[in-house]
Every structure is written in C-alpha cells, then in structure tokens.
Amino acid sequence: MLKYQGYRFSVAPMMDWTDRHCRVFHRLMTRRSRLYTEMLTTGAIIHGDRRRLLGFDPSEHPVALQLGGSDPGDLATAAKIGEDFGYDEINLNVGCPSDRVKDGRFGACLMAEPALVADGVAAMKRAVNIPVTVKCRIGIDDQDPEVALDVLARSVVAAGADALIVHARKAWLNGLSPKENRDIPPLDYDRVYRLKAALPDVPIIINGGIGSIAEAKRHLDHVDGVMLGRAAYQEPWRLLDVDPELFGEAAPYATMKDVFEAMFPYIEDQLAQGARLHSMTRHFVGAFHGVPGARAFRRHLAERGVRPGAGVDVLRDAIELVEDRAAALVAA
C-alpha cells in the first residue's frame, strides 16, 4: 500500500483537460502533487496508438493512468500496458456520468455493480506491481449513499485496492447531463469522512467542489488526501501553494512568470516535434486570473496562439502584457 503522504494532494483526472501538456505545466508548480491522465478506455489502450495515448514526459512523475472499463481481463491487460509505459499507479474510473460511459458499461454506472468492480481490481492487482486505486461517487440515482459507498469500498478493498478516491456527490445517470452532474447533486463531505472513520487503515482521498488549498487543508483533518479538479485547472496559480502549505516545502518557482520561463524549453521541444502551440497554451488561460493584464494575456493567446505556425514568441508576448507586480502577488 502506498504511504498516505503520497496521496496528500493530487490533481483530478479531467476529460479533455489533463493531457500531457497540462500535466507538465502543473508539475512545474508542485513537485509533490500526484497527477492523473484523462480517462482512457481499455479498448483504446489495447487496440489504439499506445505511444500517442500513453506517452508522457519524465518530469510528470508521480503520474497515474486512469482507466475506463469493466471487463476484468481487459482491465488487467490495459493496466499491465500502463505499468510497462512507466506509470506509477493505475486508477479505475467508477465516477464518470457521461452517456457514452454508461453505454460502454464503465464509469459511474458501475456503482451498481460492486462485485464486477472488485473483480476488475483483483485482476489488475494480479497483473501489475504498482498500486491500483478506485475513483468513485458516493452513489448513483436512488441509491442510499450510506449503503452504496460502503458496499463498493469494502468490495474493492477486499480485492486489493490500495486507495479510494471519492467524489463527494451522487451521480444522477437519469435526468442530469454530465455537466450538471458536476454541480447540481449536493456535496456530502461528511459521508466521505464517515467512510474514513469506518476504514481507518485505507487511504481515503476526497474530491468535489474544493476551491482552494486552504479548503484542502481543512479536509485533511478528516481524510488522508485531497484531489483538486476544476480549481487547479481554471486557476492553476493555486498550485504554487501546494508544496508550502501542504508539505512544508518551498514552491518550485516564486511566480507564474517564473513557471512559464521553465516551461519554454518543453514548449519549444514539442513545437519541433510538430505539436501546435494552441494544444499547450489552451491550458494557460487561467494562469493570471484576476490580475491586471490577465484579459489581454488571454486575448493574445486566443487570437494568435491558434494560427498555423504560431511559435513560442506568441506566449512570450502574451506574458509581457501581465504586470510584473501582479504576477508576483498571484502566487503569494
């Protein structure tokens, strides 16, 4: 089982957001956070372009691969492929509420099939030597979260799961869109706290609606770790507080401008390999959120970063539009 400290803080896996460029960017702001891939289906990994889907930069460690799937054999095969690629953890998605996930029999709908989830965990544990974890909701639709979460948690722990990450909301598969499922079902942090009390020897990580590192610290009085999602992505400067506030260590860089200076070599390397600038700069739009020049920064990237052949000079010029004083304060 992983040391609890390894789970203390992580950035959530988010579809269309936490790709390899995003993760390199986030790593420059926190050495200690665990990072997660977007959810990748077992079918895509087994049959698709593995280098494109699974490739990552060595700087991303510790980085986990999140899988979507329900067939134990396929999960084991995909997990082994992930381990061979160098991932530090395999995470099974039992929380995504999208329609295509439900149709494929993976994601949140698996909350109704805890025995199948446990079989998948057991198969992955037999296949790999790295930790296997599960990310779930507190329940779906008309399930009683007191019962549903307890049954799922105990089933996967008995199967060998090394940790449980709980998004502290139900998912309503009938009646709410995936977007609505991120906001409308009420948060129930106390339910996750009770799970931790019931399973004191299992690392329990809480996720859902957490907007700051200060909020994260409060949750750590009750659980072993906190996973930040949209706040980490939409206001990435918050990640500069992770190492000082949660681990008692200095931040890798003092300001967001320093972070970007460190990011330039990676961007130039990716551009040389044929990547488009926008594929990277789309992750930067919230970097200076709320400070003078932020709007001009975003506009410059939106207008010029998407042009064919756009180079790193576009990003440098955008950064120059942000006041130095404000750029320093945003990390304070």
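The values are calculated or read from the model by the stated rules, or taken from the named source; none is laboratory data. Because the structure is a prediction, the values reported are computed rather than measured. Using ideal geometry, Cβ is built from the backbone for each residue, glycine included, and neighbour counts are taken over all protein chains shown. Remember, those area values only see protein heavy atoms, side chains included, never the ligands or the DNA or RNA. Shrake-Rupley method; radii C 1.70, N 1.55, O 1.52, S 1.80 Å.
Look through the stretch 155-181, keep the residues that are open to solvent by 70 Å² or more (accessible area, probe 1.4 Å) and in contact (Cβ under 8 Å) with a residue 40 or more places away in the chain, and return whichever of them is farthest from Met15 (Cα to Cα).
Among residues in the stretch 155-181 that are open to solvent by 70 Å² or more (accessible area, probe 1.4 Å) and in contact (Cβ under 8 Å) with a residue 40 or more places away in the chain, the one farthest from Met15 (Cα to Cα) is Ala158.
Return the residue satisfying two criteria in turn: it lies in the stretch 57-76 and is not in a loop (DSSP other than H, G, I, E, B) and not hydrophobic (A, V, I, L, M, F, W, C), and of such residues it is most open to solvent (accessible area, probe 1.4 Å).
Checked the stretch 57-76; the qualifying residue most open to solvent (accessible area, probe 1.4 Å) is Pro58.
On the given criteria, is Asp144 free of Cβ contacts under 8 Å to residues at least 24 places away in the same chain and open to solvent by 30 Å² or more (accessible area, probe 1.4 Å)?
So Asp144 fits the description; yes.
Residues are listed down the side, and each one gets a yes or a no for (1) at pLDDT 95 or above; (2) open to solvent by 10 Å² or more (accessible area, probe 1.4 Å); (3) out of contact with any Cys (no Cβ under 8 Å at 6 or more places or on another chain):
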position	(1), (2), (3)
Lys3	no, yes, yes
Tyr7	no, no, yes
Met15	no, yes, no
Asp19	yes, yes, yes
Ser33	yes, no, yes
Glu38	yes, yes, yes
Ala44	yes, yes, yes
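Kindly provide the set of residues from the stretch 225-272 that are in contact with a Leu (Cβ under 9 Å, 6 or more places away or on another chain), farther than 14 Å from Arg31 by Cα, open to solvent by 20 Å² or more (accessible area, probe 1.4 Å) and outside any helix (DSSP H, G or I), ordered by number.
Matches in the stretch 225-272: Thr255 only.
Can you give me the number of residues within the stretch 273-295 that are open to solvent by less than 60 Å² (accessible area, probe 1.4 Å) and assigned to a helix (DSSP H, G or I)?
Going through the stretch 273-295 one residue at a time, the tally reaches 5.
Going by what's in this entry, would Ile206 be described as under 19 Å from the mean Cα position of the chain (by Cα), in a loop (DSSP other than H, G, I, E, B) and crowded, with 17+ Cβ neighbours inside 10 Å?
Answer is no for this residue.
For Ala79, are the conditions met, namely being within 30 Å of Met29 (Cα to Cα), small (Gly, Ala, Ser) and in a helix (DSSP H, G or I)?
Considered against the rule, which asks whether it is within 30 Å of Met29 (Cα to Cα), small (Gly, Ala, Ser) and in a helix (DSSP H, G or I), Ala79 comes out as yes.
Got at least one residue in the stretch 114-128 being at pLDDT 95 or above, in contact with a strand residue (DSSP E or B) (Cβ under 7 Å, 6 or more places away or on another chain) and surrounded by fewer than 24 Cβ atoms within 10 Å (Cβ to Cβ)?
Yes: one or more hits.
Looking at (1) over 26 Å from the mean Cα position of the chain (by Cα); (2) assigned to a helix (DSSP H, G or I), which one does Arg298 not meet, given that it meets all the others?
Exception for Arg298: condition (1).
Kindly list, by first and then second residue, each pair from a residue in the stretch 197-214 that is over 16 Å from Lys135 (Cα atoms) to a residue that is at pLDDT below 95, limited to pairs with Cβ atoms under 7 Å and residues at least 6 apart or on different chains.
none
Please enumerate the residues belonging to the stretch 46-56 that are open to solvent by 40 Å² or more (accessible area, probe 1.4 Å) and either of a type outside the set (A, V, I, L, M, F, W, C) or outside any helix (DSSP H, G or I) (or both).
If the condition is that a residue be open to solvent by 40 Å² or more (accessible area, probe 1.4 Å) and either of a type outside the set (A, V, I, L, M, F, W, C) or outside any helix (DSSP H, G or I) (or both), then His47, Asp49, Arg50, Arg51, Arg52 are the ones that fit.
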